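Comments concern the structure below.
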Amino acid sequence: MIAHVFGTVAEKFAGTVIVDVAGIGYEVSVAAGDYDAALLGQEIKLYTHHHIREQSQELFGFSSLAAKKLFEMLITVQGVGPKAALAILSLDTAENVRNAIANADSVYLARASGVGKKTAEGVVVKLSDKVGMPVIYKQSSSVQTELKTSDEALEALIALGYSLQDATRALEHVDTKLSTSERVREALKG
């Protein structure tokens, strides 16, 4: 299983990025936001889902671990394949898509290319209780309400099943100078 690729963006075309890793080019399908952010000649790290079918193998890449985990949840829903899941994640940030699912907003999900009303409703029914509580946006709250993709410890806790709010609270008093694994370990203890 290929967990992530790190290398230089060699080519971009039709929602796909070719990442050159030590002379080997990995073709990775990405969501619209990641596609736009990938710049030719720049280094990139993509968390990947290696999708294997009888006739083909494909890599789907994500700039955050939270997006990858949401993608993997989406493809468990009947009628949602990898392309449809990527289309759903192309609607907005992974956190906003997760929030739409938690809020049972099937109309929003149905706007994704290739996703109909019934499929969107199926996503809401199957995943709304698994993605956590909807994030309530308050100015006075010290709880983080938007995912900062630069915080790998936060992403790791979300990947372990924490909601964004719970992960933020767990990391609140953990020293940010520690390594990612040490921060996650301390958050899990608290």
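The values are calculated or read from the model by the stated rules, or taken from the named source; none is laboratory data. Computed from a predicted structure; not experimentally measured. With ideal geometry, Cβ positions are generated from the backbone for all residues, glycine too; neighbour counts draw on all protein chains shown.
Data for the structure
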read-out	value
Residue within the range 126-144 that is in a helix (DSSP H, G or I) and either closer than 19 Å to Gly33 by Cα or at pLDDT below 90 (or both) present	yes
Qualifying positions in the range 72-87 - under 18 Å from Ala37 (Cβ atoms) and buried (at least 24 other Cβ atoms within 10 Å of the Cβ)	Leu86
Filtered residue count, the range 165-190, keeping only those that are exposed (fewer than 13 other Cβ atoms within 10 Å of the Cβ) and not in a helix (DSSP H, G or I)	7
Search result, residues across the range 94-112 that are surrounded by 19 or more Cβ atoms within 10 Å (Cβ to Cβ) and either under 22 Å from Glu155 (Cβ atoms) or of a type in the set (A, V, I, L, M) (or both)	Ala94, Glu95, Val97, Arg98, Asn99, Ala100, Ile101, Ala102, Leu109, Ala112
